[in-house]
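The values are calculated or read from the model by the stated rules, or taken from the named source; none is laboratory data. Predicted model, so just to flag it, every value in this text is computed and none were measured. Please note: Cβ atoms are built from the backbone with ideal geometry, for glycine as well, and neighbour counts cover all protein chains shown.
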Amino acid sequence: MASDPFAKRTALESAKLHLTGEERVAQDKANSSIGPVASRTREKCGVPNSLGITEPSQGSEYNEDGILTGRYVIKDIYWGEDSDMQCKVNINLHVHLSALLDFNHELALRRYYDDLMKKSRGDHAMLAQITNKPSPSDIIKFAQGYGFLRDATQTPRRISDTLGRWKMMMERWNLFIAKLEIKKASIDKSKASIEKAKTEKTKAQEAIKRMTTAKKAEAAKSRLLPRLSR
């Protein structure tokens, strides 16, 4: 093929290669239609076309803030190089966590952890695998707080409810891990580990109880206020 300029040019155009120095340096995600470098690299492991070229899939677009647009299902969240967090969304797209730190993706993030807890319920053998993944607290720590949940386009009530769900989920996650650790320690017959896990379990249960009580009190107050204003 190297001796046939037309075939070479056709193959390059089919591959949709972007090799200019400006584009390599800029890596402008906002104007990219095929995702960041990581996803483009992974997608080149796909099935080649009739010209022997793997075509990158279209559709993964980013806004001016580098946030992935559209709706996605999060398949996995894992530690990447240099302790950064990566997310596998849909089938073959891998993105940095920062591309999902937006109110529009918060439900997908929560559902990922909810599904993980449901699938792993009671299976202490998965403890090491689960604890090696970023936790909900790691997500908030990376995001430097809950700012990404405070979307100006949302009502104060919805923002408050979303913040409450995240805080509750983090305590549920702590309780979930503590229960798995108790079960594993019981099988390993490690008394020290059992006591430590039980302490963490109690802390998580008390935190969940406080949140539930506060939520009920707030709901009762909101029902009472309209009556008092009549």
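Looking at the stretch 26-134, what helices (runs of 4 or more DSSP H) fall wholly within it and have at least 2 residues that are over 27 Å from residue 173 (Cα atoms) and at pLDDT below 60?
Fully inside the stretch 26-134 and qualifying: 37-43.
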Counting only residues that are of a type outside the set (A, V, I, L, M) and either in contact (Cβ under 8 Å) with a residue 40 or more places away in the chain or surrounded by fewer than 19 Cβ atoms within 10 Å (Cβ to Cβ) (or both), which one in the stretch 167-178 is farthest from residue 129 (Cα to Cα)?
167
Among 221, 209, 203, which is the only one that is basic (Lys, Arg), farther than 21 Å from residue 104 by Cβ and more than 27 Å from the chain's Cα centre (by Cα)?
221
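Going by what's in this entry, would residue 202 be described as modelled with pLDDT under 90 and not in a helix (DSSP H, G or I)?
no
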